[in-house]
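The values are calculated or read from the model by the stated rules, or taken from the named source; none is laboratory data. All of these numbers come straight from a predicted model, not from anything done at the bench. As a convention, Cβ positions derive from the backbone with ideal geometry for all residues, glycine included, and neighbour counts pool all protein chains shown.
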Amino acid sequence: MKLRSVLAVLVLSLSACVSTPNYSGLAARSVQSTVALVIQNEKGETRSYCSGVAITKDIVLTAAHCMGAPQKLLKTPDGKVYEFIVLTSDDTADIAALRAYEVELTPAPLGDSSLIKAGESVMAIGMPFGLPWFVSVGIVSTPRITVYDPQDGTDLGSFIMSDVLINPGNSGGPLFNMAGEVIGINTRGGMGMTLAVAINDAKEVLKRI
C-alpha cells in the first residue's frame, strides 16, 4: 500500500510538471496589435479578409499578396474600420507596409528572427474566414527553409516553417514568439505546415519607407 501511495504521488507530481502552458495572457496582449484587412470589390462588397500587425501607432505590416484587390479597409480589434495607403509592397518578399489614417494602433515589438530555434513555441493570430480573432499555437519546425514552386521549380524564397494552424484570412498576420515579439509574417499554409516571412527580411523592406 505504501508503494502504491508513493507511486500515486510521483505520477501526480510528473503530471503537474508537464501541464499544458497557458497562453491566454500572451494572446490577450498580442491581439491588440493584430488587425484585419477587409478586401472589397468595386461595389464595396466584402469578398475576403487578410490580417496584419501594427509595428508603430500608424504603420502595419502584412503580406503583399493581399494588396491586389480594388478596395481595402483596415479593421482594428474593437471592430472599427479605417482607410489606409500602401507605403511599399514587395511581391518577391511578399511583404507590404501600410499607413492607417485617424487611428492610434497598439504596436507590437519586433524580434530578431536570426535567433529562432527549431522546437521553440510560437503563436499565430489572425482573422480567418472573417471570424473573430483566432489564436493558434505550435512550434518552429525549421527556422529557415527555401521553398520552390512545385510546377516550374521557381525559387519562392526562404521562410520560417512552423506547425501553427492558419486558414484563409490569416495571411499577413503575425507569428509571435513567447516573449510577445513578432518574428514572422504568416504568408501561406497547408498540409500541417505554415510558412512565414522572417521578420528580419521584412525589416529590409521597411527600409524603403
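Comparison of Ile185, Ile145 shows that the only residue that is assigned to a strand (DSSP E or B), surrounded by 13 or more Cβ atoms within 10 Å (Cβ to Cβ) and in contact with a helix residue (DSSP H, G or I) (Cβ under 9 Å, 6 or more places away or on another chain) is Ile185.
For Pro150, indicate whether it is farther than 27 Å from Gly79 by Cβ, free of Cβ contacts under 8 Å to residues at least 40 places away in the same chain and assigned to a loop (DSSP other than H, G, I, E, B). Here the answer is yes, as Pro150 does meet what is asked. Note on segment 159-182: among residues that are assigned to a strand (DSSP E or B) and of a type outside the set (A, V, I, L, M), the one that is farthest from Ile125 (Cα to Cα) is Phe159. Confirm whether Glu204 is at pLDDT 90 or above, closer than 17 Å to Leu61 by Cβ, exposed (fewer than 15 other Cβ atoms within 10 Å of the Cβ) and out of contact with any Cys (no Cβ under 9 Å at 6 or more places or on another chain). Criteria met by Glu204.
In segment 42-84, the qualifying residues are those that are polar (S, T, N, Q) and assigned to a strand (DSSP E or B), and the one that is modelled with the lowest pLDDT is Gln71.
Okay, residues lined up against (1) farther than 19 Å from Lys117 by Cα; (2) touching a helix residue (DSSP H, G or I) at 6+ places or on another chain (Cβ under 8 Å); (3) surrounded by 13 or more Cβ atoms within 10 Å (Cβ to Cβ):
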{"residue": "Trp133", "(1), (2), (3)": "yes, yes, yes"}
{"residue": "Val140", "(1), (2), (3)": "no, no, yes"}
{"residue": "Asp149", "(1), (2), (3)": "yes, no, no"}
{"residue": "Asp155", "(1), (2), (3)": "yes, no, no"}
{"residue": "Ile160", "(1), (2), (3)": "no, yes, yes"}
{"residue": "Asp163", "(1), (2), (3)": "no, no, yes"}
{"residue": "Pro168", "(1), (2), (3)": "yes, yes, yes"}
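On the given criteria, is Phe129 assigned by TED's automatic domain parsing to the domain that holds Ser171 and among the hydrophobic types (A, V, I, L, M, F, W, C)? Taking the combined requirement at face value, the residue satisfies it.
Only a single criterion out of (1) closer than 22 Å to Arg47 by Cβ; (2) part of a strand (DSSP E or B) is not satisfied by Val135, namely (1).
Of all the criteria given as (1) part of a loop (DSSP other than H, G, I, E, B); (2) more than 29 Å from Arg47 (Cβ to Cβ), the one not satisfied by Pro107 is (2). Just to be sure, is Val137 over 22 Å from Leu74 (Cβ atoms), under 11 Å from the mean Cα position of the chain (by Cα) and not assigned by TED's automatic domain parsing to the domain that holds Ser33? Criteria met by Val137. Residues of segment 78-110 that are crowded, with 18+ Cβ neighbours inside 10 Å, under 18 Å from the mean Cα position of the chain (by Cα) and of a type outside the set (Asp, Glu): Ser89, Ala93, Ile95, Ala96, Ala97, Leu98, Leu105, Ala108, Leu110. The residue that is surrounded by the most Cβ atoms within 10 Å (Cβ to Cβ), among those in segment 32-77 that are polar (S, T, N, Q) and in contact with a Lys or Arg (Cβ under 8 Å, 6 or more places away or on another chain), is Gln40.
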